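Okay, handing you the structure first.
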Amino acid sequence: MKAVPTSIPDVLVIEPAVFGDARGFFYESWNRRRFSELVGRDVDFVQDNHSMSARGVLRGLHYQLRQAQGKLVRVAAGEVYDVVVDLRRSSPTFGRSFGLSLSAENRRMLWVPEGFAHGFLVLSETAEFLYKTTDYYAPEHERSLLWNDPALGIEWPLEGREPVLKPKDASGTPLAQAETFA
């Protein structure tokens, strides 16, 4: 397993060592000791989530203001375009976004530390999305950043289609009015 830096220093692409032959493949998707070495701190995951979504579904950009969640995300089936936005006011990358393709084929994972909004757009017919979180889901603290806020400059690969959105995501808050982290 190795970590690849991104344009936002605390966000890392995690690439597992994959061993494959004619029978299939094997890789270690989680190892606490190795992950702690890669991110530079011990991370305690408390919840695993698994979602399935159809092509064109856009989930996000979500974050929890209190009980902030760090997330280790990956795709078990299909492909998504995954995006994070730095919401830490004290960060030199505040308001900056980073996006990449995560798929069952490329087997990449993304480490999203606490203090970031997160979302994804399904690019394949369906996608199964898995993520580990460092704190429990707390709907009373959840917020939605507006997915298409021009201030974020996110280039979602929509291919001329409108995304399928949950009402709370369609009416998310623009960055300029969003509650953020210190």
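Any read-out appearing in this document is the output of simple, stated calculations on the displayed coordinates, not a laboratory observation. The structure displayed is predicted, hence computed values, not measured ones. Cβ: placed from backbone, ideal geometry, glycine included. Neighbour counts: every protein chain shown.
Read phi for every residue in the range 49-65 and hand back ³J(HN,Hα) as whole Hz from Karplus 6.51 cos²θ - 1.76 cosθ + 1.60, θ = phi - 60°, with x for Gly and Pro.
10, 9, 10, 10, 9, 8, 3, x, 6, 10, 10, x, 8, 9, 7, 10, 5
Continuing with this model, one more query. How much net charge surrounds ASP86 when only other residues with a Cβ under 10 Å from its Cβ are counted (Lys, Arg +1; Asp, Glu -1)?
In short, +2.
Filter the trypsin sites (Lys or Arg not before Pro) in the range 70-114 to those in DSSP coil with at most 13 other Cβ atoms within 10 Å of their Cβ, and list the result. Write down the numbers at each step before the final one.
Details: sites: LYS71, ARG74, ARG88, ARG89, ARG96, ARG107, ARG108; in loops: ARG89, ARG96, ARG107, ARG108.
Hits after loop and neighbour filter: ARG89.
Here is a further query. If you plug each phi of the range 13-21 into the Karplus form 6.51 cos²θ - 1.76 cosθ + 1.60 with θ = phi - 60°, what whole-Hz ³J(HN,Hα) values come out, in order, with x for Gly and Pro?
8, 9, 10, x, 7, 10, 10, x, 8
Moving to a separate point now. Where the eigenvalues come from the Cα gyration tensor of the range 2-177, what are the semi-axes √(5λ) of the equivalent ellipsoid, largest first, in whole Å?
Numbers: eigenvalues 123, 83, 43 Å².
Values for the range 2-177, descending: 25, 20, 15 Å.
What whole-number distance in Å separates the alpha-carbon centres of the range 161-180 and the range 2-49?
Between the Cα centre of the range 161-180 and that of the range 2-49, the gap is 29 Å.
5 Å is the cut-off here: which amide hydrogens, built 1.01 Å from N in the peptide plane, fall below it relative to VAL164, excluding neighbours closer than 5 in sequence?
VAL57, LEU58
At a threshold of 8 angstrom on Cα-Cα distance, excluding pairs fewer than six apart, so keeping six or more, what relative contact order does the chain reach in percent?
The normalised contact order for the chain reaches 29 percent.
With Cβ to Cβ distances under 11 Å as the rule, what net charge do the other residues near LEU110 carry (K, R +1; D, E -1)? Walk me through the intermediate numbers first.
Values: positive: LYS71, ARG74, ARG108; negative: GLU15, ASP82.
Combined, the nearby Lys, Arg, Asp and Glu give +1.
Determine the gain in length on full extension of the stretch GLU162-ALA22; use 0.36 nm per residue of separation and subtract their C-alpha separation, reporting nm with one decimal.
Between GLU162 and ALA22, full extension yields an extra 46.4 nm.
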